[in-house]
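Please treat every number below as a calculation from the coordinates, not as lab data. Small disclaimer: the values here were computed from a predicted structure and weren't measured. Heads up, the Cβs are rebuilt from the backbone with ideal geometry, glycines too, and the neighbour counts pull from every protein chain shown.
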Amino acid sequence: MVSAASQAKSLNIQEAFSSVTESNGVDDFLHHPFVITNERDQEQTLETLSTIPSMGNVMLGTSCFFNLNAYVKRVQKQNQPYYLIILDRGSRVKNFWNKVEEVVTTSENRHDATDKIKELIHQNCELYFSGYPPEGTPESISHSYQERLQKEIDNDISWLSTDQSFEIVKSMMEEKRFLFKCVNLFNDKQVQNVQNIMKANNLAIDVLYLSNVENSVRVLNRHSQFARCVQILRNDSNLWMVHAVRQASQGAQNFCQNTLLLSDVIVGDGNRSKLVAN
């Protein structure tokens, strides 16, 4: 059963955002399609997203399938058309999403889609996963992602776990409520262009998924640009933000997801951006 939110008249966001100028894209392993998130606490995040109130009609994120897992949880909280916008500067990620959209819209059911996605990952392993250090190969990484995808499906985490969640995603893509743009989240001009189009079309962010972008901010010393871009996306409104922070656990460094109500952005001490929540 598809949410009533998708049955109302909705905006074709691919047409609405056609004027957005995309980046050339970064082509390296660090910007490969993280088909399954490497962040911990996803199940806790999804549970949180299934209960907290709506702040808008758009989920905007980066990277890959966590966005679909989260979208399924959020769309069921809506009484209006709900949209998914992915902004990512990885050219490999762009190729992945273009192919996934085709797979989803042409698949008969979730089992068909699952098989096609696994085949997509396998057939494009050199394109998506090359450039990894010697201890890994594109083939082994592809195999790992296929196994982890199946594990999420079996554990009722994935958007491919149930017929209903698959139909929600399929309807969203068929109705052009899905958009991918190769946009750099550190580029305030690009981000402002996206926000201007959103505002003109009465679109407001409900959930902002930033993955572990803050780690790149710290490494690249791009704190001020990042904080400015998040402020632009926030547009003086509260929104839910899901981000991953590095934490030490049993001698290992892990990225752990955290969900917070974003009420302000401040620039920190020159080494990192600090996101302040209510």
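Here are the numbers for the structure shown:
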read-out: Dipole of the stretch 91-190 [Lys/Arg +1, Asp/Glu -1 at C-beta], most positive-end residue of 117, 146, 131; value: 131
read-out: Residues 72, 20 arranged by fewest to most Cβ contacts within 10 Å; value: 20, 72
read-out: Label point distance in nm, residue 27-residue 105, each placed 7 Å from Cα along Cα→Cβ; value: 2.5 nm
read-out: Neighbour-count ranking [beta-carbon atoms within 10 angstrom, fewest first] of 118, 9, 151; value: 9, 151, 118
read-out: Spacing of the two label points (7 Å from each Cα toward its C-beta) at residue 80 and residue 163, in nm; value: 3.2 nm
read-out: Ascending count of other beta-carbon atoms within 10 Å, so fewest first, for 30, 149; value: 30, 149
read-out: Cut-off of 10 Å, at most 11 other beta carbons, DSSP loop: longest stretch of the chain lacking such GluC sites (Glu not before Pro); value: 136-278
read-out: Unit charges on C-beta of K, R, D, E only; dipole of the chain, Debye; value: 920 debye
read-out: Farthest positive-ward along the stretch 1-132 dipole, Cα basis, beta-carbon charges - from 37, 12, 81; value: 81
read-out: Within-12-Å neighbourhood charge of residue 247 [Cβ basis; K, R +1; D, E -1]; value: 0
read-out: Sum of side-chain charges, residue 188 neighbourhood, beta-carbon under 12 Å (Lys, Arg +1; Asp, Glu -1); value: +3
read-out: Cross-link pairs beyond the 18 Å C-alpha cut-off, checked among 99/189; 9/73; 73/170; 99/170; 9/181; value: 99/189; 9/73; 9/181
read-out: Value at 222 nm in deg cm²/dmol, rounded to 500, when DSSP H runs of n ≥ 4 in the chain each add -39,500 (n - 2.57); value: -13000 deg cm²/dmol
read-out: For residue 86, residues with placed amide H under 5 Å, excluding near neighbours; value: 61, 179, 180, 181
read-out: Local electrostatic count, residue 56, Cβ distance below 12 Å [Lys/Arg +1, Asp/Glu -1]; value: +3
